[in-house]
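Enquirer: Can you keep this structure in mind? I'll have questions shortly.
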Amino acid sequence: MAEKVLMKGNEAIGEAAIQAGCQCFFGYPITPQTEVAAYMSRRMPKIGRVFLQAESEVAAINMVYGAAGSGVRVMTSSSSPGVSLKQEGISYIAGAELPCVIINIVRGGPGLGGIQPAQSDYFQATKGGGHGDYRLVVYAPSSVQEMVDLIQDAFDVADIYRNPVMVMGDGMLGQMMEPVEFKEREAKQLPSKADWAATGLHGRKEHHVINSLFLQPEELEKHNEKLQKKYAEIEKNEVKYEMYNCDGDLDIVLVSYGTVSRICKNVIKMLAKEGLKVGLIRPITLWPFPKKAFEEVVDRTKYGFLSVELSCGQMVEDIELSVKGRKPVNFFGRSGGMVPSPTEIANKVKEIAGGAR
Amino acid sequence: MAVVFEPTKGLLDVPTHYCPGCTHGIIHRLVAESLEELGVIDKTIGVAPVGCSVLAYNYFACDMHEAAHGRAPAVATGIKRSLPDSVVFTYQGDGDLAAIGTAEIVHAAARGEKITTIFVNNCIYGMTGGQMAPTTLPGQVTETSPYGRDVKLQGHPIRVSEMLSTLDGAVYVERVSVDSVANVLKAKKAIKKAFELQIEGKGFTFVEVLSICPTNWGLSPRESIKWLQDNMIPYYPLGVKKDITQQEVK
Amino acid sequence: MAHQDIIFAGFGGQGILSMGKFLAYAGMEENLNVSWLPSYGPEMRGGTANCSVIVSDDNIGSPIVYDATTVVVMNRPSLDKFEHSVVKGGLLIIDSDLVNREAERTDIDVIKIPAQKVAEEVGSKKIANMVLLGALVEKTKIVKMESLLKALKEHGKEQFYEMNKKALEKGAEYARK
């Protein structure tokens with residue numbers, strides 16, 4: 001067993017990527033994720049890998065596009081306004097079917113917004129972000145340890161499906177320190193990149209072209225159908241979620257992800273003392289969204305569901321699509337960098353459950 | 001029978017989409033021949049832009065990347081940094097490079113990325129149908145400067161080669177033209193030299209090629225060549241702007 | 001059950017973040033769960049700094065501390081901000097050299113330590129944070145002093161170890177008074 005070390009979330013991101021075999025990192029400073037780039041700038045040159053501070057987030061994601069097309073493991077990291085700038089590149093990477101990992105340590109928006117923790121990039125991450133019919137796999141870890149584990153998964157999933165994968169944390173997760181263990185992982189059998197990567201011919205007969213342009217509508221439609229088939233596979237195979245305290249009859253089920261889900265766990269303990277049975281569905285993949293988790297509890301929850309977010313209800317519609325009108329879906333959130341206290345959330349639960357017993 | 005002229009192995013044997021009279025074909029050939037003569041087709045990765053040469057990836061025989069508008073130097077940076085032994089070039093037009101991609105080209109040059117950029121300047125946006133480019137000359141009529149480019153309203157053209165030659169990371173910058181046989185030969189020499197210096201690991205190399213656009217200029221190819229000679233060369237003087245291998249910088 | 005929700009607060013440069021870190025390391029030493037969350041942003045640059053540290057033998061839910069079992073303050077604004085975050089029966093540790101008012105709460109334990117003076121006697125004002133941390137550990141018993149010393153040895157600068165150790169002991173004495 002590897003030793004546990006106390007590490008800041010942002011630095012753990014860097015180390016996890018290094019251990020996952022990330023060969024290139026292209027970044028740009030922005031609060032609250034700058035430590036990722038700083039960590040990579042210290043470590044990567046020492047192990048003969050590439051760290052480069054780009055002139056903008058736009059350039060950074062396009063460097064990622066170039067390196068990913070060369071067949072190496074590559075990552076970039078930013079925070080909300082910077083991730084907005086990356087959307088063009090992400091769309092190209094998805095269109096050209098290249099594997100890469102993108103970190104978003106989310107801060108409050110819109111616009112320049114603020115620098116405190118938020119989850120207000122849920123739509124951007126899960127519903128597209130850039131142009132065109134594409135999907136990102138989006139992981140939402142809730143602890144530094146889980147972030148480390150998911151980053152390593154992210155590189156594998158990116159390679160398996162030739163698709164960009166986003167790991168979305170919030171400022172809190174990036175800044176906090178927790179003990180973390182870098183587990184030895186079994187080497188996964190991953191598909192070879194030799195049949196598509198543009199590495200130079202080196203004797204190969206057909207030239208490889210990394211491309212997302214299909215000028216003939218028939219060709220582009222065919223390409224889109226291929227992508228959709230891939231996304232359906234991902235939906236089938238890669239859904240991750242946690243169900244907490246969801247056994248038996250439930251008064252209400254909270255739905256939350258990331259650091260907020262940890263606050264919800266405190267709420268559940270508080271309310272248990274008051275006789276309320278509250279469960280939690282914690283999506284670990286925001287896309288694909290864990291619809292089946294809702295099937296397991298929808299008939300057993302008396303007052304339905306409560307989405308608890310650091311955003312203004314962006315997750316509610318995914319929950320509604322999963323619940324399909326069978327139970328009410330409520331919302332409680334804070335935004336702009338405000339983080340709800342357990343008491344605030346508990347009060348909302350009690351209000352829905354018709355007052356404290 | 002003696003063979004006097006052959007297709008270059010650097011280009012694939014496919015028809016191109018370029019308009020009649022367009023000089024992209026010549027410039028493609030000069031790049032491809034240079035790669036072939038240097039024996040590096042096998043380890044070259046090219047980056048195509050958005051613009052008329054967007055489909056260049058279909059024509060060059062080496063591995064290719066298609067970049068987003070203006071981002072080719074960043075994409076090339078990612079390729080070269082991950083595959084440092086490869087030869088990497090971008091092939092970009094003036095809208096792509098000098099407008100939307102200004103940041104990318106300036107910083108790739110400033111970093112001294114070991115890549116070569118072939119910059120095709122024809123004073124106009126070709127693919128979208130002839131709009132004003134950052135290189136459009138004062139007074140030049142385009143679809144979006146129908147009364148002629150008024151520098152008071154629309155600003156001045158950018159002399160990209162002169163600008164980049166001020167950066168320490170750029171080791172070789174030359175402006176050439178393909179308006180005559182003599183100049184085509186000079187252009188070839190410049191392009192080949194740019195690749196040679198890249199292969200030697202010297203730094204960022206850049207060749208600006210003055211080119212014509214008969215379709216969007218509304219001129220015949222022959223008139224276009226004359227327009228280039230009469231209007232473009234005076235504003236965009238040919239020659240080496242920087243060469244670290246020469247003591248004397250012109 | 002071992003559990004402490006702690007807020008350390010003061011000015012940037014007083015070692016607020018590092019005393020939280022050392023306590024977290026000490027908790028790890030004893031196989032307890034720990035989390036450390038700093039305030040971040042422009043306020044870090046010379047303004048007020050604070051961090052939340054949780055040490056627990058149970059799983060840690062939220063890393064944010066709302067209701068602190070212990071608060072350590074090293075300036076007046078921090079006392080004003082966090083005095084009311086202490087839970088009833090909780091602990092408030094004040095650097096009385098830097099805070100020019102008394103605590104208002106009467107339903108909590110308050111330890112006042114002239115930490116600057118004590119630290120200076122030990123060797124340097126810079127280790128006033130260690131004086132306060134010594135008092136915290138002695139009073140709450142959340143970790144053993146040996147674990148904290150081990151954390152200092154492994155993660156602190158070696159040349160300050162002996163001085164830090166003395167500072168912790170001095171602080172502990174105040175907690176025993």
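Rule-based calculations on the coordinates, nothing more; no lab input. All of these numbers come straight from a predicted model, not from anything done at the bench. Positions of Cβ are generated from backbone atoms using ideal geometry, with glycine treated the same way; all protein chains shown enter the neighbour counts.
Enquirer: Could you tell me what % of all Cα pairs in the range C:1-141 have separations over 18 Å?
Expert: That fraction is 51 percent.
Enquirer: Using only the alpha-carbon atoms, how far is helix A:217-237 inclined from the longest principal axis of chain A? Give it as 0 to 90 degrees, nearest 10.
Expert: For helix A:217-237, the angle is close to 50 degrees.
Enquirer: Given contacts defined as C-alpha pairs under 8 Å and at least six residues apart, what's the relative contact order of chain A, whole-number percent?
Expert: About 17 percent, as a whole number.
Enquirer: With a point put 7 Å past each Cα toward its Cβ, work out how far residue B:1 is from residue C:159 in nm, to one decimal.
Expert: 8.6
Enquirer: Still on this model: Just to be sure I understand: with springs between alpha-carbon atoms less than 10 Å apart, which residue in A:282, A:107, A:326 has the highest mean-square fluctuation in the Gaussian network model of chain A?
Expert: A:326
Enquirer: Mind pulling up the Rg/Rh value for the range A:53-168? Radius of gyration and Kirkwood radius, both on Cα.
Expert: 0.94
Enquirer: Let me ask another. Taking Rh as the Kirkwood radius computed over C-alpha pairs, what is the Stokes-Einstein D of the protein assembly as shown at 37 °C in a medium of viscosity 0.692 mPa s, expressed in µm² per second?
Expert: In µm²/s, the coefficient is 112.
Enquirer: I'd like the distance between the alpha-carbon centres of the range B:165-244 and the range A:181-207, rounded to an integer number of Å.
Expert: Each part's Cα centre sits 38 Å from the other's.
Enquirer: Computed over the Cα atoms of the range A:242-352, what is the ratio Rg over Rh, Rh following Kirkwood?
Expert: Radius of gyration relative to Kirkwood radius: 0.92.
Enquirer: So, one more: Where is the GNM fluctuation largest for chain A (alpha-carbon springs, 10 angstrom cutoff): A:277, A:127, A:205?
Expert: In the Gaussian network model the winner is A:205.
Enquirer: Among the listed pairs A:193/A:236; A:46/A:188; B:202/B:226, which have their C-alpha atoms separated by more than 30 angstrom in this model?
Expert: B:202/B:226
Enquirer: Within the range C:1-149, what is the number of lysine pairs with alpha carbons under 22 Å apart, leaving out pairs fewer than eight places apart on the same chain?
Expert: So the count works out to 18.
Enquirer: To the nearest 10 degrees, how steeply does helix A:9-19 sit against the main Cα axis of chain A, on a 0 to 90 scale?
Expert: Orientation of helix A:9-19: about 40 degrees from the principal axis.
Enquirer: Now for a separate question. Report the normalised scattering of chain A as log10 I(q)/I(0) at q = 0.09, 0.11, 0.12 Å⁻¹, calculated by the Debye formula with identical scatterers on the alpha carbons.
Expert: -0.50, -0.73, -0.86
Enquirer: Quantify how strongly other chains surround peptide C:141-151 by giving the mean number of their Cβ atoms within 10 Å of each of its Cβ atoms.
Expert: 0
Enquirer: Another one. What average number of partner chain Cβ atoms lie no more than 10 Å from the Cβ of the residues making up A:192-198?
Expert: Mean number of neighbouring Cβ atoms from other chains: 2.
Enquirer: Ok, one more. What's the FRET efficiency of residue B:235 with residue A:192 using the Cβ-Cβ distance as r and R₀ = 30 Å, to the nearest 0.05?
Expert: 0.05
Enquirer: When every alpha-carbon pair in the range B:132-250 is counted, what percent end up more than 18 Å apart?
Expert: Roughly 57 percent, rounded to a whole number.
Enquirer: Same structure, new question: How big is the Rg/Rh ratio for the range B:24-243, C-alpha atoms only, Rh by Kirkwood, two decimals?
Expert: 0.95
Enquirer: Take chain A, connect every pair of alpha-carbon atoms lying under 10 Å apart with a spring to form a Gaussian network, then pick out the residue of A:232, A:17, A:68 with the largest mean-square fluctuation.
Expert: With Cα springs under 10 Å in chain A, the top fluctuation among A:232, A:17, A:68 is at A:232.
Enquirer: List the relative contact order of chain C as a percent without decimals, with contacts defined as Cα pairs under 8 Å and 6+ residues apart.
Expert: 22
Enquirer: Where the centre of each part is set by its Cα atoms, how far does the range A:28-44 sit from the range A:232-271, in angstrom?
Expert: When both Cα centres are located, 31 Å separates them.
Enquirer: Calculate the length of the line joining the C-alpha centroid of the range B:83-101 to that of the range C:91-168, in whole Å.
Expert: So the two Cα centres are separated by 59 Å.
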